[in-house]
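In what follows, a single structure is set out as structure tokens and then discussed.
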Amino acid sequence: MNLPRLMASLKSHEGFRPTVYDDATGRNLRRGDTLRGVATIGYGTTVLSEPQAEWLLASRIAADHETLGRTLSYFEDLPDEAQEVLVEMAYQLGIHGLLQFDNTLAALERHDWTAAAAGMRASRWAEQTPLRAEALAKRIETLTGTPAATDHETA
């Protein structure tokens, strides 16, 4: 089997649709629409099994982890737990949205877990998704290790 050739043929015949549509009518589905056929997305995918969903989840996690590693010079120096929290935030907010957390990211870079958690809690994101934000902030503030010294601190 020639996988690239087969994929090209399927892509050509199925066509890519990034939004959910009714395969019987070809129309994009919106809230309140009556489904005549089967809800479909992508290249004719009608049902997403849990293993497929987990594969997609793992792919997105890997992509966000890689992007954060390239974008934040200190990312790989953070504890795994902090990296996981940042990846989860990027998953929800997008990389661009996460990068708007200037104070939180600066606190994470200096390993000031208390300030980072406070910055997370003080955000509009925390107002919009309070349970998730609080759970992630708690994960950050319970990290061990002392904050790096700042300019105004004495040794």
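The values are calculated or read from the model by the stated rules, or taken from the named source; none is laboratory data. Bear in mind the structure is a predicted one, so any value in this text is a computation, not a measurement. Heads up, the Cβs are rebuilt from the backbone with ideal geometry, glycines too, and the neighbour counts pull from every protein chain shown.
Residue-wise test of (1) assigned to a loop (DSSP other than H, G, I, E, B); (2) surrounded by 15 or more Cβ atoms within 10 Å (Cβ to Cβ).
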| residue | (1), (2) |
| --- | --- |
| 51 | no, no |
| 55 | no, no |
| 73 | yes, no |
| 93 | no, yes |
| 120 | no, yes |
| 131 | no, no |
| 137 | no, yes |
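Being out of contact with any Asp or Glu (no Cβ under 6 Å at 6 or more places or on another chain), in a helix (DSSP H, G or I) and outside the structural domain of residue 111 (by TED's automatic domain parsing) is true for just one of 31, 60, 5. Which residue is that?
Answer to the selection: 5.
When you check residue 134 against the structure, is it within 30 Å of residue 22 (Cα to Cα) and of a type outside the set (Ser, Thr, Tyr), yes or no?
no
On the given criteria, is residue 69 under 16 Å from the mean Cα position of the chain (by Cα), part of a helix (DSSP H, G or I) and at pLDDT 95 or above?
Spelling it out, residue 69 is indeed under 16 Å from the mean Cα position of the chain (by Cα), part of a helix (DSSP H, G or I) and at pLDDT 95 or above.
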